[in-house]
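*Asks:* Below: one structure in structure tokens.
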Amino acid sequence: MVAIEIKKIAKEFISAWGKQTPFMQTVSLAVEAGKVMALVGPNGSGKTTLTKIVMGLQRISKGEILVFGEPYTTVTARRMLGY
């Protein structure tokens with residue numbers, strides 16, 4: 001069973017001048033329930049940003065995130081994510 005599924009998400013940051021700057025483009029990932037996973041990569045590759053997105057601390061510009069098949073924005077899915 002897939003616990004967290006990230007489907008083609010993208011993240012853009014808006015500068016102080018209002019310019020949108022793409023940061024992540026079409027990231028997809030599936031994490032099975034009960035599995036341990038590590039995000040590795042060089043500095044600035046988006047590991048912390050991806051973690052913040054999954055935790056609901058940052059919003060995505062495009063794409064979809066599902067937690068146990070439900071959109072991660074629902075209350076029940078966010079509670080499940082804490083476990």
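*Asks:* Return the long-range amide H neighbours of Phe68 (sequence gap of 5 or more, or a different chain), with a cut-off of under 5 Å between placed amide H atoms.
*Replies:* Amide H to amide H, under 5 Å and 5 or more residues apart or across chains, Phe68 pairs with Ile4, Glu5.
*Asks:* Related question: Which value, in Å², gives the accessible area per residue of the chain when a 1.4 Å probe is used on the protein heavy atoms? It would help to have the intermediate numbers written out before the result.
*Replies:* Numbers: 6040 Å² over 83 residues.
Using a 1.4 Å probe on heavy atoms only, each residue of the chain averages 73 Å².
*Asks:* When only Cα pairs under 8 Å and 6 or more residues apart are kept, what is the percent relative contact order across the chain?
*Replies:* Working: 129 pairs, mean separation 30.3, N = 83.
Value for the chain: 36 percent.
*Asks:* Considering every pair of different Cα atoms, what Kirkwood radius, in Å, is found for the chain?
*Replies:* Numbers: mean 1/r = 0.0738 Å⁻¹.
Mean inverse Cα-Cα distance, inverted, gives 13.5 Å.
*Asks:* Out of the trypsin sites (Lys or Arg not before Pro) in region 4-66, which ones are loop residues according to DSSP with at most 14 other C-beta atoms within 10 Å?
*Replies:* Working: sites: Lys7, Lys8, Lys11, Lys19, Lys35, Lys47, Lys52, Arg59, Lys62; in loops: Lys19, Lys35, Arg59.
Passing both the DSSP loop test and the Cβ count: Lys19, Lys35, Arg59.
*Asks:* Counting only protein heavy atoms, what percent of the accessible surface of the chain is carbon or sulfur at a 1.4 Å probe?
*Replies:* On the way: 3410 of 6040 Å².
Summing carbon and sulfur atoms, their accessible area is 56 percent of the total for the chain.
*Asks:* Springs between alpha-carbon pairs under 10 angstrom, Gaussian network model over the chain: which of Met55, Met37, Met24 fluctuates most?
*Replies:* Most flexible of the set in this elastic network: Met37.
*Asks:* Moving to a separate point now. Given a Förster distance of 30 Å, report the FRET efficiency between Lys35 and Ser15 from their Cβ-Cβ distance, rounded to the nearest 0.05. List each step's numbers first, then the result.
*Replies:* Numbers: r = 37 Å, r/R0 = 1.25.
Efficiency, rounded to the nearest 0.05: 0.20.
The values are calculated or read from the model by the stated rules, or taken from the named source; none is laboratory data. Bear in mind the structure is a predicted one, so any value in this text is a computation, not a measurement. Note that we place each Cβ from the backbone using ideal geometry, even for glycine, and neighbour counts take in every protein chain shown. Each accessible area value is taken on the protein alone, full model and side chains, heavy atoms only, with ligands, DNA and RNA left out. Shrake-Rupley method; radii C 1.70, N 1.55, O 1.52, S 1.80 Å.
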